[in-house]
Amino acid sequence: MTDRTAAVTRETAETDVEVTLDLDGAGEATAETGVGFFDHMLASFAKHGLFDLTVRCDGDLEVDDHHTVEDVAIALGEAFDEALGEKRGIVRYADRRVPLDEAVAHCVVDVSGRPLFRFDGAFSQQRVGEFTSHMAEHFARSLATNAGLTLHAGVEGENAHHEVEALFKCLARTLDDATRIDERRAGETPSTKGEL
């Protein structure tokens, strides 16, 4: 199997981000963003997607968590795009629903090379620790845009912690499904166009 890894750095006046990604990992993660709940979500994303992931971000948290979450998602999206390369042999499509207690998240993805994001739902509380709840939606949007994904996602529930965590886990499971190698494709690109 081809090595499906990537390393991405992103440096702006607001953040300094380093991301490494192995699509065919064991779910090992190191996340150091300065936002405890976000680190927990990134570790959960790696664990449930079976991605090996390291994320380090020095961001302007004295302002808020927006730039940190957004720029990590941008770098992670770029890492997915780089690790997938020409996307030969991948399953391409996936659809998942993941519950966490009273909350449930859904994700439908096409690793299409055509970025599009739709979100349905809302978060029940404004914050989870130092993490602004609606940044979970923005994380998914920024990741989809920079990875070239068509992604439809949503959440419902009563507890923002559960809603956000269900979304991260659902996104991980859906991306794992869609980026897996389908041996029946024999390395062919899963498109009548011949490329994605």
Among the residues of region 116-134, count how many are surrounded by fewer than 16 Cβ atoms within 10 Å (Cβ to Cβ) and farther than 23 Å from residue 34 by Cβ.
4
Any pair with Cβ under 7 angstrom, 6 or more apart, that starts in region 164-185 at a residue that is free of Cβ contacts under 8 Å to residues at least 24 places away in the same chain and ends at one that is in a helix (DSSP H, G or I) and aliphatic (A, V, I, L, M)
none
Please identify the pairs in which a residue from region 130-144 that is outside any helix (DSSP H, G or I) has its Cβ atom under 9 Å from the Cβ atom of a residue that is β-branched (Val, Ile, Thr), counting only partners at least 6 apart or on another chain.
130/35; 131/35; 131/69; 131/164; 132/69; 133/164
Counted residues, region 135-153 - those being closer than 12 Å to residue 108 by Cα and surrounded by fewer than 20 Cβ atoms within 10 Å (Cβ to Cβ)
2
For region 128-180, how many residues are acidic (Asp, Glu) and under 22 Å from residue 91 (Cα atoms)?
2
Spot the failing condition for residue 62; the list is (1) in contact (Cβ under 8 Å) with a residue 24 or more places away in the chain; (2) over 15 Å from the mean Cα position of the chain (by Cα), and only one is missed.
(1)
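Can you tell me which of 8, 63, 69 is on the phi < 0 side of the Ramachandran plot and in a strand (DSSP E or B)? Walk me through it before giving the result.
Details: 63 fails: in a strand (DSSP E or B); 69 fails: in a strand (DSSP E or B).
Criteria check complete, one pass: 8.
From the list 158, 195, 82, pick out the single residue that is among the acidic types (Asp, Glu), touching a residue at least 60 places away in the same chain (Cβ under 8 Å), part of a loop (DSSP other than H, G, I, E, B) and surrounded by fewer than 18 Cβ atoms within 10 Å (Cβ to Cβ).
Working: 158 fails: touching a residue at least 60 places away in the same chain (Cβ under 8 Å); 82 fails: part of a loop (DSSP other than H, G, I, E, B).
Testing whether each residue is among the acidic types (Asp, Glu), touching a residue at least 60 places away in the same chain (Cβ under 8 Å), part of a loop (DSSP other than H, G, I, E, B) and surrounded by fewer than 18 Cβ atoms within 10 Å (Cβ to Cβ) leaves just 195.
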From the list 91, 111, which one is surrounded by 19 or more Cβ atoms within 10 Å (Cβ to Cβ) and either at negative phi or of a type in the set (A, V, I, L, M) (or both)?
111
Would you confirm, using the coordinates I've provided, whether residue 119 is in a strand (DSSP E or B), over 18 Å from residue 177 (Cα atoms) and either at pLDDT 95 or above or touching a strand residue (DSSP E or B) at 6+ places or on another chain (Cβ under 7 Å) (or both)?
yes
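The values are calculated or read from the model by the stated rules, or taken from the named source; none is laboratory data. Note that this is a predicted model, so its numbers are computed, not measured. Methodologically, a virtual Cβ is constructed for each residue, glycine included, from the backbone with ideal geometry; neighbour enumeration extends over all protein chains shown.
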